[in-house]
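Notes follow once the structure below has been shown.
Every number in this text was worked out from the coordinates using simple rules, so none of it is lab data. Quantities reported herein were computed from a predicted structural model and do not represent experimental measurements. Heads up, the Cβs are rebuilt from the backbone with ideal geometry, glycines too, and the neighbour counts pull from every protein chain shown.
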Amino acid sequence: MTSITDLTLDLAAVRRDFPILEREVHGKPLIYLDNAATSQTPSAVIDCLSDYYRRYNANIHRGLHTLADEATAAYEGVRAKVQAHLNAFEPREIVFTRGTTEAINLVANSWGRANLKPGDEVVISLMEHHSNIVPWQLLERELGIVIRVIPVDDRGVLDLESYREMLGERTRLVCVNHVSNALGTVNPVAEIAKAAHAHGALILVDGAQAVPHQAIDVQALDADFYAFSGHKVYGPLGAGALYAKASILESMPPWQGGGEMISRVSFDRGTEFAAIPHRFEAGTPAVAEVVAMGAALDWVNALGIERLAAWEQWLLDHATQRLERIDGLRIFGTAPEKAGVISFVVDGAHAQDIGLLIDQLGVAIRTGHHCAQPVLARFGIEATCRASLAVYNTPEEVDAFVEALQRVLGMLR
Ligand SMILES: *Cc1c(COP(=O)(O)O)cnc(C)c1O
């Protein structure tokens with residue numbers, strides 16, 4: 001057991017790591033509460049990017065010169081870091097991608113096209129991000145697969161009874177996020193995976209909102225595929241990863257062709273593809289960004305993911321309690337298990353107007369559909385305001401946000 005003192009956070013030190021937190025917006029100190037869209041970047045990550053271009057920028061894998069060796073070692077070193085971070089069994093189960101979206105498209109286009117036939121069923125939760133819906137809808141049109149949707153209750157919790165009922169002979173894949181970016185719900189992935197596997201189906205987990213907020217163990221979850229984006233876990237834009245069990249990845253055909261993903265190319269004798277994971281990394285990858293994503297994971301681990309999670313939970317409770325006291329404010333997503341996302345609407349005020357006006361007071365929140373239109377439609381709404389937390393946020397910021405919101409509502413209502 002970790003005691004509460006072990007979990008104490010030196011918040012001032014954490015904040016000093018993020019230069020952007022010092023800036024002002026419209027003459028007010030920035031209060032950044034849009035972390036579910038992208039998190040800010042610590043100096044260690046910014047310096048890592050800069051150091052890469054200053055000292056050892058080179059294309060990887062093919063070179064025999066020193067810079068190419070160093071760049072390759074750094075890039076491949078991050079594969080082992082991601083493996084450790086997700087508790088994957090071996091580094092070759094990690095494929096670098098641009099992010100979650102590209103990881104899911106990889107699975108749809110490679111595994112999906114090779115394995116799905118007309119009438120096969122893909123089960124998708126209603127609370128998925130569009131990036132875990134649309135790739136499957138493209139296959140629905142093209143291959144005639146059938147999409148079945150797991151409903152969500154009034155709290156934003158998946159209806160597991162309906163889910164179990166929809167599993168059957170034709171179920172091939174279950175797609176679910178670990179944490180919902182629109183509602184904050186933490187889904188019981190291990191349980192969902194167990195039921196899928198009992199029907200011979202695979203499970204793809206969108207971990208974009210989970211990796212930043214909790215420890216991940218893909219083996220304990222028994223996930224077949226697990227995707228995340230580096231830029232939501234204090235890394236740079238442009239790099240992320242797909243985890244897939246080695247046996248599944250080995251069975252999958254390439255989805256993009258080009259350099260890096262072949263072992264031999266010939267017009268006469270055919271082309272042989274590289275072993276996993278390189279088979280899925282055609283072309284020059286975002287080497288600097290991948291290396292810096294490794295620095296971001298190092299930063300998180302130096303802080304301690306348990307410490308980070310405990311702080312965010314405390315802050316989430318604090319923010320929820322303060323917001324609940326506002327007259328006419330409704331929070332969407334009241335699941336017992338939640339991560340640092342609060343989606344809300346306020347009677348008599350449009351989300352968009354709130355977002356614009358509160359920005360004038362230095363507060364960055366997101367307004368809109370959060371790329372999750374189906375689940376908002378379930379609640380009869382088209383847009384919410386969403387405040388999302390990161391480890392550098394403070395209670396003072398939450399209080400200032402709530403006060404700013406009250407001022408804005410005073411103007412709008
Ligand atoms: C942000 C997000 C995505 C998409 O991630 P990209 O980095 O834009 O590819 C997918 N799913 C969830 C839950 C997200 O929050």
> Picking from 114, 341, 125, whose Cα lies most toward the positive end of the charge dipole for the chain (charges on Cβ: Lys, Arg +1; Asp, Glu -1)?
Replying inline: 114
>> Given a 10 angstrom Cα cut-off, can you work out which residue in 164, 92, 141 is the most mobile in a GNM of the chain?
In response: 141
> Loop-only check: which GluC sites (Glu not before Pro) in the range 98-150 are DSSP coil with at most 12 other Cβ within 10 angstrom?
Replying inline: none
>> For the chain, what does the helix formula give at 222 nm: sum of -39500 (n - 2.57) over DSSP H segments with n ≥ 4, over the residue count, nearest 500 deg cm²/dmol?
In response: -11000 deg cm²/dmol
>> Full-extension gain between residue 20 and residue 47, please, as 0.36 nm times their residue separation minus the C-alpha to C-alpha distance.
In response: 8.3 nm
>> Using the basic label-point model (7 angstrom from Cα toward the beta carbon), what is the residue 356 to residue 153 distance in nanometres?
In response: 3.9
> Once phi is turned into θ = phi - 60°, what whole-Hz ³J(HN,Hα) does the Karplus curve with 6.51, -1.76 and 1.60 give for every residue of the range 318-326, x standing for Gly and Pro?
Replying inline: 4, 5, 4, 4, 5, 5, 4, 7, 7
>> Per residue of the range 292-309, what does 6.51 cos²θ - 1.76 cosθ + 1.60 with θ = phi - 60° give for ³J(HN,Hα)? Whole Hz please, x for Gly and Pro, Karplus curve as stated.
In response: 6, 4, x, 5, 5, 5, 4, 4, 4, 6, 5, 6, x, 5, 5, 5, 4, 5
>> If I take R0 = 51 Å and measure r between the Cβ atoms of residue 396 and residue 250 in this structure, what FRET efficiency does the formula 1/(1 + (r/R0)^6) give, to the nearest 0.05?
In response: 0.50
>> Show me, for the range 366-378, the HN-Hα J-couplings you get by feeding each phi into the Karplus relation (A = 6.51, B = -1.76, C = 1.60, θ = phi - 60°), rounded to Hz, glycine and proline as x.
In response: 9, 10, x, 9, 6, 6, 9, 4, x, 6, 5, 4, 4
>> Please compute the length gained on full extension between residue 313 and residue 337, using 0.36 nm multiplied by the number of residues separating them and subtracting their Cα-Cα distance.
In response: 7.6 nm
> Would you list 147, 276, 104 from fewest to most Cβ contacts within 10 Å?
Replying inline: 147, 276, 104
>> Given a Förster distance of 45 Å, report the FRET efficiency between residue 84 and residue 411 from their Cβ-Cβ distance, rounded to the nearest 0.05.
In response: 0.35
> Going highest first, how would you order 269-275, 317-323 by mean Cβ packing within 10 Å?
Replying inline: 317-323, 269-275
> Charges only on Cβ, +1 for Lys and Arg, -1 for Asp and Glu: so what's the dipole of the range 202-293 about the Cα centre, in debye to the nearest 20?
Replying inline: 120
> With each pseudo-label sitting 7 Å past Cα toward Cβ, what's the residue 194-residue 66 distance in nm, one decimal?
Replying inline: 5.6
> Taking the C-alpha atoms of the range 1-84, how large are the radius of gyration and the largest Cα-Cα span, Dmax, in Å?
Replying inline: 18.3, 52
> Which value in nm describes the separation of the simple spin-label points at residue 347 and residue 7, placed 7 Å from the Cα toward the beta carbon?
Replying inline: 3.6
> Classify the chain: rounded, prolate or oblate, from the alpha-carbon gyration tensor (a ≥ b ≥ c, eigenvalue square roots; a/c under 1.5 rounded; otherwise prolate if a/b is larger than b/c)?
Replying inline: oblate
> Amide H to amide H under 5 Å from residue 123: which residues, 5+ apart in sequence or cross-chain, H placed 1.01 Å off N in plane?
Replying inline: 148, 172, 173, 174, 175
> Say R0 is 25 Å: what FRET efficiency, to the nearest 0.05, do residue 265 and residue 169 get from their beta-carbon distance?
Replying inline: 0.05
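What number, in percent, do you get for the relative contact order of the chain if the mean sequence gap of Cα pairs under 8 Å and at least 6 apart is divided by its residue count? Write out the running numbers ahead of the final one.
Details: 803 pairs, mean separation 91.8, N = 413.
Answer for the chain is 22 percent.
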> Counting other C-beta atoms within 10 Å, which of 194, 338 has the fewest, and how do the rest follow?
Replying inline: 194, 338
> Given 74, 136, 173, which one lies farthest toward the positive end of the charge dipole of the range 47-301, if we put +1 on the Cβ of every Lys and Arg and -1 on the Cβ of every Asp and Glu?
Replying inline: 74
>> How big is the dipole moment of the chain about its Cα centre under a simple scheme where the beta carbon of each Lys and Arg is +1, that of each Asp and Glu is -1, and everything else is neutral? Debye, nearest 20, please.
In response: 600
>> As I understand it, the dipole of the chain uses +1 on the Cβ of Lys and Arg and -1 on the Cβ of Asp and Glu, about the Cα centre. Which of 145, 379, 158 lies farthest toward its positive end?
In response: 145
